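The values are calculated or read from the model by the stated rules, or taken from the named source; none is laboratory data. These figures come from a predicted structure and were not determined experimentally. Neighbour counts run over all protein chains shown; Cβ positions are idealised from the backbone, glycine included. Keep in mind that these areas ignore ligands, DNA and RNA; they rest on the heavy atoms of the full protein, side chains included. Shrake-Rupley method; radii C 1.70, N 1.55, O 1.52, S 1.80 Å.
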Amino acid sequence: MTAIAPTATPASTRTLLTAGAVAAPLWTAVNLAQVLTREGFDIVRHPLSQLSTGSLGWIQVADFLVVGALVIAGSFGLRRAVPGRWLPRLLLVNGIGMIFAGIFRMDAGDGFPVGTPAGPPTTMSWHAGLHMASGSIAFIALAAACFVLGRHFSRAGAPGSAVASFVAGVAVIAGNGWTMSGGPGGSVTLAVGVTGAMLWVSAVAYRLRRRPLV
């Protein structure tokens, strides 16, 4: 990854970027731990958001809230380190969307938590509807942020990072699209696409802690 800058990043900006750099690794670690330990959870059938249901659902709710706050903090750091207004704005929306996705929980279904009848819920609660809307907004903002970041890297003379940014954005759209179409293993493609894009944005934030992209 290449960043071009004449001066080092100020300490206050580095702090905000550090928050953004921590966001995706924390999200990944907490989700992976739950996927491996929550009884009855099957990533092939259950979206990560469904971890917010059941007696231990508070863990995933906290994951959404904390990571969303870190993404928001990171967006302010990127506002100072990356030229243009759209990248920080989109990541701000992404972070807010994650927080609302944590506040409004998904419904239990398809055998999770244990004891829930098999198959998808026959009806959708109001809070599950708001969760879906919040998640969709967060996904769209994340994908768009990756595309904007790709453009910035192209202009900065970093083609490899530009390609990685565009691929990350496409992964989010493809994963979400496959899930919405009812494709088999959609929850896996969505988790991989979104988590991969988040990790890329966090990697960029970490890199920019030393030198802003101008």
Hits in the stretch 172-185 - residues which are in a helix (DSSP H, G or I) and in contact (Cβ under 8 Å) with a residue 60 or more places away in the chain
179
Tell me which residues, restricted to the stretch 47-81, are out of contact with any helix residue (DSSP H, G or I) (no Cβ under 6 Å at 6 or more places or on another chain) and not in a helix (DSSP H, G or I).
53, 54, 55, 56
Tally the residues that are farther than 25 Å from residue 20 by Cα and β-branched (Val, Ile, Thr), restricting the search to the stretch 36-73.
4
Determine if the stretch 90-102 includes at least one residue that is part of a loop (DSSP other than H, G, I, E, B) and more than 23 Å from residue 152 (Cβ to Cβ).
no
Selection from the stretch 178-197 of residues that are buried (at least 18 other Cβ atoms within 10 Å of the Cβ) and touching a Ser or Thr at 6+ places or on another chain (Cβ under 8 Å):
178, 179, 186, 187, 189, 190, 195
Please find, within the stretch 37-94, the residue that is farthest from residue 199 (Cα to Cα) out of those that are among the hydrophobic types (A, V, I, L, M, F, W, C) and either free of Cβ contacts under 8 Å to residues at least 12 places away in the same chain or in contact with a His (Cβ under 9 Å, 6 or more places away or on another chain) (or both).
58
Could you list all residues from the stretch 111-124 that are touching a His at 6+ places or on another chain (Cβ under 9 Å) and part of a loop (DSSP other than H, G, I, E, B)?
111
Go through (1) surrounded by 18 or more Cβ atoms within 10 Å (Cβ to Cβ); (2) farther than 28 Å from residue 182 by Cα; (3) of a type in the set (A, V, I, L, M); (4) at pLDDT 95 or above for residue 48 and report which single condition fails.
(2)
Which condition number in (1) at positive phi; (2) not in a loop (DSSP other than H, G, I, E, B) is the one that residue 40 fails?
(2)
Given the criteria farther than 19 Å from residue 42 by Cβ and modelled with pLDDT under 95, does residue 199 qualify?
no
Mind listing whichever residues of the stretch 140-164 are open to solvent by 50 Å² or more (accessible area, probe 1.4 Å) and assigned to a helix (DSSP H, G or I)?
140, 147, 151, 154, 155, 159, 160, 163
